[in-house]
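The values are calculated or read from the model by the stated rules, or taken from the named source; none is laboratory data. Treat the numbers as computed from the prediction; the structure is a model and nothing was measured. Ideal geometry is used to build each Cβ from the backbone, glycine not excepted, and the neighbour counts take in all protein chains shown. Surface areas here come from the heavy atoms of the whole protein model, side chains and all, with no ligands, DNA or RNA. Shrake-Rupley method; radii C 1.70, N 1.55, O 1.52, S 1.80 Å.
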Amino acid sequence: MNNAWKIAFAVATLCFTWMIGCVTGPEAWDTDDYWGSDSDADSDADSDSDSDSDSDSDSDTDSDTDGDTDGDTDGDTDGDTDSDSDTDTGPDPGDPCESLDLNFNTSWESFEEQVLTLTNQYRASGANCGTYGSFGPCGPLTMQSQLRKAARRHSWHMGDLGYFSHDSPGGPCGNDFVQRIQTAGYTSYSTAGENIAAGQTSPSEVVSGWMASDGHCKNIMKPEFTEIGVGYALVPSSPYGHYWTQDFGG
């Protein structure tokens, strides 16, 4: 294989007998809570053991159990959903994983969107994936923000450190693509996969290359996948310059 043009793939199927990230929130009232006829002795109208009436088990007045007084699930009171103490949800420069997001150039979004369009064109038409057989037409993938974040981080990380692999042992966002997508917040899924490539200079070149490779083709055509994150990074000082990642979920 030409060292100036590399391509690889991996797919993992994760079938769970339990629900991941399934939480019972304030909307899941029981009849005791709803009617105010609870069976505890704390003098409020819910069935938990604290002294407020918000139906969770801490003593503040919001409806989560993180011990602070805002309604998100992190442990601070700044009203956003990250765990730092500022009031934004942007990357935290002090976090080794989140700081990778600071390298993204918005001019790269066009390439990512083109990859999605081309990928969905193949899915709409069906394809022969060689050793994996023929796949009929299937529904389009939608761009998912957490998968996109994981894909962007991995593309940049490969280019920045000059490696090409699905594995990133000791990496700031995890050791493999499963850990990376979960670190990005993508946790409620039953199947997941990843395609990577390096050296291709355009969306059409990289998607054509993936479709010409049986394993990559199977990932693109798998009907169980419904969501995707596409990450592109241009790292001029790296061995291959252009790095591409597709993270799939369903």
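Bins of 10 Å, beginning at zero and ending with the bin holding the largest distance: percent of Cα pairs per bin for the stretch 104-250, please.
For the stretch 104-250, the pair-distance distribution reads 13, 45, 35, 7, 0.
What FRET efficiency comes out for the pair Ala212/Thr187, r = Cβ-Cβ distance, R0 = 35 Å, nearest 0.05?
Working from the Cβ atoms, E equals 0.60.
Determine the gain in length on full extension of the stretch Ser202-Asn105; use 0.36 nm per residue of separation and subtract their C-alpha separation, reporting nm with one decimal.
Gain on stretching Ser202 to Asn105: 33.3 nm.
List the residues whose amide H sits under 5 Å from the amide H of Ser168, counting only those 5 or more places along or on another chain, with H placed 1.01 Å from N in the peptide plane.
The answer is Asp176.
What's the ranking of 112-119, 177-184, 201-208, 133-140 by average number of surrounding C-beta atoms within 10 Å, highest first?
177-184, 112-119, 201-208, 133-140
May I ask you to derive the FRET efficiency for Gln121 and Ser237 from their Cβ-Cβ distance with R0 = 30 Å, giving the value to the nearest 0.05?
With R0 = 30 Å, the Cβ-Cβ based efficiency is 0.35.
For the stretch 122-250, what is the accessible area per residue in Å² when the probe is 1.4 Å? It would help to have the intermediate numbers written out before the result.
Numbers: 4580 Å² over 129 residues.
For the stretch 122-250, the solvent-accessible area averages 35 Å² per residue.
Sort 233-245, 152-164 by packing, meaning the average of other beta carbons within 10 Å per residue, with the highest value first.
Descending mean neighbour count gives 152-164, 233-245.
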